[in-house]
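**Student:** Below are the structure tokens for one structure; questions will follow.
The values are calculated or read from the model by the stated rules, or taken from the named source; none is laboratory data. All figures in this text were calculated on a predicted structure; none of them were measured in a lab. Here Cβ is always computed from backbone atoms with ideal geometry, including for glycine, and neighbour counts include all displayed protein chains. Please note that ligands, DNA and RNA were not included when accessible areas were found on the heavy atoms of the full protein model with its side chains. Shrake-Rupley method; radii C 1.70, N 1.55, O 1.52, S 1.80 Å.
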Amino acid sequence: MPKPALSFRPRDVAQSPRLAAPYQRPELEALVARHGSPLLLVDCDVIRAQYRRLAAALPGVDLHYALKPLPEPAVVQALKQIGGFFDLASSGEVELVRSAGVDAERCIHTHPIKRDADIRDALRFGVRTFVADNADELGKFIRHRKRVRVLLRVAFRAVDAVCDLSRKFGCDPEAVPELLTLARTMGVEVVGLSFHVGSQTPTPAMHVAAVEACGALIAAARVAGHNLSVLDIGGGFPVDYRDTAMSIEEFCAPIRLALAALPAGLRLLAEPGRYISAPAGTCVATVVGRALRDGRWWFYLDDGVYGSFSGQIYDHARYPLHALREGGQKVPAVLAGPTCDSIDVIDDQIELPLLEVGDLVVGQQMGAYTSACAGDFNFIPHARVLAVNAQDPVPGAGQA
Ligand SMILES: *Cc1c(COP(=O)(O)O)cnc(C)c1O
């Protein structure tokens, strides 16, 4: 059986002294001088702090970090250090946690649509919990039925989420009873339900409604003799971009109440991705050229929407940006990326100091869905990922 064609070269881990946000100009200049530009700094202190803060806001819920928004070895290590759990969706992600030495028992595989090879790769690593949302997908587990436990993914439409993920995956709530019966005839063990209401959801209303609906489905299933014991509430927890999001404590308070009202004896999981990784990422890019066009300054960076700013296209995110040059009058400007494509404009309504070639521009909250979806269009390499603060300064202060 061929291995996935991926190798995880150890990414750069900065040996520099600890960095504390907000990063200072000399620190960033030193990192660029040493490691080149553009950079995507990933602060492992922030990864751990976000995980702990969400764990405190959702007590009793095992947080499985969804690798998709920032699949970095240093992030996996940082979470492994504090006893984190992981959510995988591809054989490459399986390989990443495996090579990081993560215990397979701490991992679930949640892609609703899989090839048999995906299932086998995850099983070979030791993952047991998978997700399905229709009869065909349940059928794929028949040959593996002695080794798998399945969560049925249910769709609840989140029309107000920035990225509605219930359009693409999940069964209708009404289909749950018949899928449970079908799984039983197949000999495939369904242990619970999952949902993912969408990403960067502005309010917890959809999570609450979905938890309540799943509670009713689980109670009815138990009456019908299906002993469901797991509920996975997915991801979607929001972070600040240029607009401020609800604090995570405020966001989770009503979800906690809904979880407390669930039928007894449920193990609770969540699959946060963005909330853990977005605040940990800082993009550092360099001005490589400038031009005055129609009375407006265009500043060209070595990173753009085909690189770390790809989240502006795929994820509809608008990142807080600032230039490190101090003082001077600000001018109306356009910040553009390095490729020859006209779509490669980061911001055409921005006020910046009059920048010069070599100046640094910093983007914040750029850890999620940025470098993960970046490419090398025009043969212009995307940003090098550089982990900082890899070691936990408070070892042992992990999740209870
Ligand atoms: C992308 C994804 C997540 C993470 O979602 P966030 O909104 O980034 O928290 C979790 N679970 C599944 C199944 C996903 O596809």
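**Student:** Taking the residues in the range 172-183 that are within 30 Å of the chain's Cα centre (by Cα) and surrounded by fewer than 20 Cβ atoms within 10 Å (Cβ to Cβ) as candidates, determine which candidate is farthest from the ligand (Cβ to nearest atom).
**Tutor:** Checked the range 172-183; the qualifying residue farthest from the ligand (Cβ to nearest atom) is E174.
**Student:** Within the range 241-278, restricting attention to residues that are open to solvent by 70 Å² or more (accessible area, probe 1.4 Å) and charged (D, E, K, R), which residue is farthest from A210 (Cα to Cα)? Can you show your working first?
**Tutor:** Step one: of the range 241-278, the residues open to solvent by 70 Å² or more (accessible area, probe 1.4 Å) are 242-244, 249-250, 256-257, 260-261, 264, 267.
Narrowing the set further to residues that are charged (D, E, K, R) leaves 242-243, 249-250, 256, 267.
Working: R242: 28, D243: 26, E249: 19, E250: 18, R256: 13, R267: 16 Å.
My answer is R242.
**Student:** Have a look at G92, G126 and point out the one that is on the phi > 0 side of the Ramachandran plot and at pLDDT 95 or above. Full working, then the answer.
**Tutor:** On the way: G92 fails: on the phi > 0 side of the Ramachandran plot.
Every option except G126 fails the conditions.
**Student:** In the range 70-113, what residues are over 13 Å from the mean Cα position of the chain (by Cα) and among the acidic types (D, E)?
**Tutor:** Of everything in the range 70-113, those that are over 13 Å from the mean Cα position of the chain (by Cα) and among the acidic types (D, E) turn out to be E95, D103, E105.
**Student:** Just one of (1) closer than 26 Å to R242 by Cα; (2) open to solvent by 10 Å² or more (accessible area, probe 1.4 Å); (3) in contact with a helix residue (DSSP H, G or I) (Cβ under 7 Å, 6 or more places away or on another chain) trips up A383, so point out which.
**Tutor:** (2)
**Student:** Here's a follow-up. Specify the residue that is least open to solvent (accessible area, probe 1.4 Å); the eligible residues are those in the range 184-216 that are farther than 17 Å from L269 by Cα and out of contact with any Lys or Arg (no Cβ under 9 Å at 6 or more places or on another chain). Break it down into steps so the answer makes sense when it comes.
**Tutor:** Of all residues in the range 184-216, those farther than 17 Å from L269 by Cα come to 184-189, 200-203, 205, 216.
Subset that is out of contact with any Lys or Arg (no Cβ under 9 Å at 6 or more places or on another chain): 184-185, 201-203, 205, 216.
On the way: R184: 131, T185: 108, T201: 2, P202: 62, T203: 53, A205: 63, A216: 62 Å².
Here the answer is T201.
**Student:** Within the range 95-122, which residues are in contact with a Lys or Arg (Cβ under 7 Å, 6 or more places away or on another chain) and over 27 Å from A74 (Cβ atoms)?
**Tutor:** Matches in the range 95-122: P112, K114, D116, I119.
**Student:** Of everything in the range 51-68, what is buried (at least 24 other Cβ atoms within 10 Å of the Cβ) and either assigned to a helix (DSSP H, G or I) or without any contact (Cβ under 8 Å) to a residue 24 or more places away in the chain (or both)? Give them in sequence order.
**Tutor:** Y51
**Student:** In this structure, does L301 turn out to be among the hydrophobic types (A, V, I, L, M, F, W, C) and in contact with a Ser or Thr (Cβ under 9 Å, 6 or more places away or on another chain)?
**Tutor:** Details: among the hydrophobic types (A, V, I, L, M, F, W, C): yes; in contact with a Ser or Thr (Cβ under 9 Å, 6 or more places away or on another chain): yes.
In short, yes.
**Student:** I'd like the full set of residues that are out of contact with any Pro (no Cβ under 9 Å at 6 or more places or on another chain) and surrounded by 21 or more Cβ atoms within 10 Å (Cβ to Cβ), limited to the range 75-88. Break it down stepwise before answering.
**Tutor:** Step one: filter the range 75-88 for residues out of contact with any Pro (no Cβ under 9 Å at 6 or more places or on another chain), giving 75-80, 83-86, 88.
Hits for the range 75-88 are V75, V76, A78, L79, G84, F85, F86, L88.
**Student:** Name the one entry in L41, L31 that is crowded, with 17+ Cβ neighbours inside 10 Å, in a helix (DSSP H, G or I) and either at pLDDT 95 or above or more than 15 Å from the ligand (Cβ to nearest atom) (or both). Before you say what the answer is, go through the steps one by one.
**Tutor:** Details: L41 fails: in a helix (DSSP H, G or I).
Only one candidate passes the filter, namely L31.
**Student:** While we're on this one: Search the range 358-375 for residues that are outside any loop (DSSP other than H, G, I, E, B) and away from the ligand (no atom under 16 Å from the Cβ) and pair each with any residue that is modelled with pLDDT of 95 or more and open to solvent by 40 Å² or more (accessible area, probe 1.4 Å) when their beta-carbon atoms are under 7 Å apart and the residues are at least 6 apart or on different chains.
**Tutor:** Listed by first residue and then by second, the contacts come to L360/E29; V362/H322.
**Student:** Right, next: Please work out which residue is most open to solvent (accessible area, probe 1.4 Å), limiting yourself to the range 128-159 and to residues that are touching a residue at least 60 places away in the same chain (Cβ under 8 Å) and touching a Cys at 6+ places or on another chain (Cβ under 9 Å).
**Tutor:** T129
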